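To start, the structure itself, in structure tokens.
The values are calculated or read from the model by the stated rules, or taken from the named source; none is laboratory data. Not measured: the values here are computed from a predicted model. Neighbour counts are summed over all protein chains in view; Cβ atoms, including those assigned to glycine, are modelled from backbone coordinates with ideal geometry.
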Amino acid sequence: MSYLSGFITNLIRNPFSQTSHPTQDSDQNQQNQLDGLNATEDDINFDDDDNGYQSNASVSSSSVDLDKLLHVHNDCVKCVALRSNGHVASGSKSRSIIIHSTSSNKVEYQADNVFAYDVKGLCYLPNGSLVACGGDGPGGNGLKVLSPSLELVQTLEGHYGGAVCCVTVSPSGSHIASGGGDEKVMIWSEPGEGGEWARVQVLEDHTSWLNAVCFSPDGKQLATGSGDKSIKTYSFNEGNAILAHTLEGHTGWANSLSFSPDCKLLCSGSMDKSIKCWNPADGSLVKSIDQAHPSFGGVLSVSYSPNGRVIVSAGGDNTMKIWDAETFELKHTFEQEFHTRQLIITADSNFIVSANWDKTVRITPCREYHLTGLTPILNLIIHIVYKWEFVSFLEPNENTSPLEKVMRLLGECVHDGCYNVTSEILSFLSPAHLPVQITPTRWSRNEEIK
């Protein structure tokens, strides 16, 4: 069955296979996941905020090499940020930040012990500098600006208690918004003559720690999400944020926020397992997907694709999901053996970059999955590949239908070695309708291939 192994190798083209990196046993994995999801108010500042949403990621898929595995941290990865030159920055629970070049598949820079506890959020500035937030303990300063090579440029002091849970930068790069365990949102203005960022505004509208801060793509709105279960929207103009609406409806922490590219909708993900879409103009609820990720931990991260066609979400149920942004129909589910802490979509909407609890950063193709008239045929092809020895074709005769002839030819194409062509066709087929699970990033079956 060596031909089958070859087919699968070509079909997957997956640098992120579960066999590509060390994994813990299932009991330990489960305990680690529970450790990450069962955070309490006492330890939330240091141990379990998955934030640092990057509202205007600009890396292109042309910079991404899917045949290479991105770096592995020593502990779970909690946040990622993208730069236009193909660099992926990631921060971990082990207090480290790694910058990885997707073009060379090398770690370009690494900084350890950035904070006293974990790195909770990252975002890139236009000049390539990196803003990082994290848990720095009482008396610490959990917000720092780092150079492109991860040297400390400035520590932004102001949040009480040392824990800054989330950070984002305005589309123009002129302002930073940070949210802390002190229940405050702080606005920082770009360096002036002194060469340092300056705090220009403090927002105190929430009654619990901040989980998410997000600028709209046009820079005219700011949204914040909190452990108090509410979302606040602000009009934003030259560093001045004015409260516009309080969005109420979530029954759990508001974990993640994302504006649609046209700024007309705001998507939120919550610990209550739901994804909600709001009209930021009047604060009304447009749509709620109540059981988007039905497990403890709920929805950990949501993001609109830059082309506005899909919403991608990740949850505590160890899945990433692709939703139609117009109909909110579920288009595809990526089954995983770990949960994704944060996800970002590349500027061309072709790839998902994710920070994961299994200590990895992964790149996953983001496609708009559609069923076609070929689904039954391709379904059979996969069945043939899956267990070829149990399937055979009868010789065609005058009573053989055109469909059966096509199925036979396609089956022979698979068997005779035209693997690349077939794999490209199959990669666009929804795995939900196949006898085995096959996605652009994973192949799994119950028994080993012999």
Residue list for region 243-299, restricted to those being on the phi > 0 side of the Ramachandran plot and not basic (Lys, Arg): Gly249, Cys263, Gly283, Gly297, Gly298
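Looking at Pro138, Pro148, Pro126 in this structure, which one is in the same structural domain as Cys165 (by TED's automatic domain parsing), over 28 Å from Ser172 (Cβ atoms) and outside any strand (DSSP E or B)? First the steps, then the outcome.
Working: Pro148 fails: over 28 Å from Ser172 (Cβ atoms); Pro126 fails: over 28 Å from Ser172 (Cβ atoms).
Checking each option against the conditions leaves just Pro138.
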Using the structure shown, decide if Tyr117 is surrounded by fewer than 24 Cβ atoms within 10 Å (Cβ to Cβ), hydroxyl-bearing (Ser, Thr, Tyr), at pLDDT 50 or above and part of a loop (DSSP other than H, G, I, E, B). yes
Report those strands (runs of 3 or more DSSP E) wholly inside region 261-316 carrying at least 3 residues which are in the same structural domain as Ser226 (by TED's automatic domain parsing), under 22 Å from Cys79 (Cβ atoms) and without any contact (Cβ under 8 Å) to a residue 12 or more places away in the chain. none
Residue pairs within 6 Å by beta carbon, gap of at least six or interchain, first lying in region 91-104 and in contact (Cβ under 8 Å) with a residue 24 or more places away in the chain, second of a type in the set (Phe, Trp, Tyr) and not in a strand (DSSP E or B), listed first then second, are Arg95/Phe115
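Could you check region 268-287 and list, in sequence order, the residues that are farther than 18 Å from Gly316 by Cβ and either in contact with a Lys or Arg (Cβ under 6 Å, 6 or more places away or on another chain) or of a type outside the set (Phe, Trp, Tyr) (or both)?
Answer for region 268-287, where residues must be farther than 18 Å from Gly316 by Cβ and either in contact with a Lys or Arg (Cβ under 6 Å, 6 or more places away or on another chain) or of a type outside the set (Phe, Trp, Tyr) (or both): Cys277, Asn279, Pro280, Ala281, Asp282, Gly283, Ser284, Leu285, Val286, Lys287.
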Members of region 162-189 found to be surrounded by 18 or more Cβ atoms within 10 Å (Cβ to Cβ) and assigned to a loop (DSSP other than H, G, I, E, B), listed by number: Gly162, Ser170, Gly181, Asp182, Glu183, Lys184
Qualifying residues in region 200-215 (those that are in a strand (DSSP E or B) and within 24 Å of the chain's Cα centre (by Cα)) - the one farthest from Tyr304 (Cα to Cα): Leu210
Can you say whether Ala347 is surrounded by 20 or more Cβ atoms within 10 Å (Cβ to Cβ) and either part of a loop (DSSP other than H, G, I, E, B) or touching a residue at least 24 places away in the same chain (Cβ under 8 Å) (or both), as far as the supplied structure shows? no
Would you confirm whether or not region 140-153 contains a residue that is touching a residue at least 60 places away in the same chain (Cβ under 8 Å), surrounded by 22 or more Cβ atoms within 10 Å (Cβ to Cβ), under 20 Å from Ser226 (Cα atoms) and in contact with a strand residue (DSSP E or B) (Cβ under 9 Å, 6 or more places away or on another chain)? no
Lone qualifier among Asn85, Asn127, Asn105 - being under 24 Å from Trp188 (Cα atoms), out of contact with any Phe, Trp or Tyr (no Cβ under 8 Å at 6 or more places or on another chain) and not β-branched (Val, Ile, Thr): Asn127
